[in-house]
Amino acid sequence: MVSSVHLMSGAAIASSTDNWLIIVFGSLILHFVLDIVPHWNPDPKKWPVWKYAASAVVDVALAVLIILWLAGWKISWQMVVAMLVSELPDILALIGYVFKVKVLESYNKWHANIQVHSFNFFGFASQVVALIIMGYIVYVNN
Ligand SMILES: [Zn+2]
């Protein structure tokens, strides 16, 4: 799943509660739930590194801008932490993949196995729908 959906999920959770337990564990659990929703993803093995990196930067930058806009250009610590936690499983996977970290090997295998990729219209639409629902939650709670 693209980063903007994960970041938006963290922002939506943090916008809905002040409970740190829900913010941290909710953001973490929702990451894996979203990973099992059929979704499109750029494939790091098929795309050249520059294209993959550039798409990741645009993805994250656009998401942060849209979240700031939906939240009325103010962001709480809860939102920052939730967005980081919601992205943490992919950051760990990237670190494990790029630096060949031994302790992350079994995690990376598991994380890769739970992904449900869908390289068709549905894989794209599922992410747009998730973005709209969670973006609406961010908007109405800020
Ligand atoms: Zn993931």
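When residue 137 is tested against the conditions (1) crowded, with 17+ Cβ neighbours inside 10 Å; (2) under 14 Å from the mean Cα position of the chain (by Cα); (3) of a type in the set (Val, Ile, Thr), the lone failure is (2).
Do you know which residues across the stretch 34-45 are β-branched (Val, Ile, Thr) and surrounded by 12 or more Cβ atoms within 10 Å (Cβ to Cβ)?
We begin by selecting, within the stretch 34-45, every residue β-branched (Val, Ile, Thr); these are 36-37.
Within the stretch 34-45, just 37 meets the criteria.
Take residue 124 and tell me if it is out of contact with any strand residue (DSSP E or B) (no Cβ under 6 Å at 6 or more places or on another chain), in a helix (DSSP H, G or I), more than 12 Å from the ligand (Cβ to nearest atom) and under 26 Å from residue 66 (Cβ atoms). The answer is yes for residue 124.
Candidates are the residues of the stretch 89-113 that are aliphatic (A, V, I, L, M) and surrounded by 11 or more Cβ atoms within 10 Å (Cβ to Cβ); the one that is nearest to the ligand (Cβ to nearest atom) is 93. If you go through the stretch 13-36 and keep only what is within 14 Å of the ligand (Cβ to nearest atom) and either modelled with pLDDT under 95 or among the acidic types (Asp, Glu) (or both), you end up with just 35. Here is the figure for the stretch 46-82: residues that are within 16 Å of the ligand (Cβ to nearest atom) and either surrounded by fewer than 16 Cβ atoms within 10 Å (Cβ to Cβ) or within 17 Å of residue 127 (Cβ to Cβ) (or both) total 6. Going by the structure shown, is residue 10 farther than 16 Å from residue 142 by Cα and either within 16 Å of the ligand (Cβ to nearest atom) or among the β-branched types (Val, Ile, Thr) (or both)? Taking the combined requirement at face value, the residue does not satisfy it.
Touching a residue at least 12 places away in the same chain (Cβ under 8 Å) and under 17 Å from residue 33 (Cα atoms) - does that describe any residue in the stretch 93-101? Yes, because at least one residue in the stretch 93-101 is touching a residue at least 12 places away in the same chain (Cβ under 8 Å) and under 17 Å from residue 33 (Cα atoms).
The values are calculated or read from the model by the stated rules, or taken from the named source; none is laboratory data. Nothing here was measured: the structure is a model prediction, and the numbers come from that model. Every residue, glycine among them, receives a Cβ derived from its backbone with ideal geometry; neighbour counts consider all protein chains shown.
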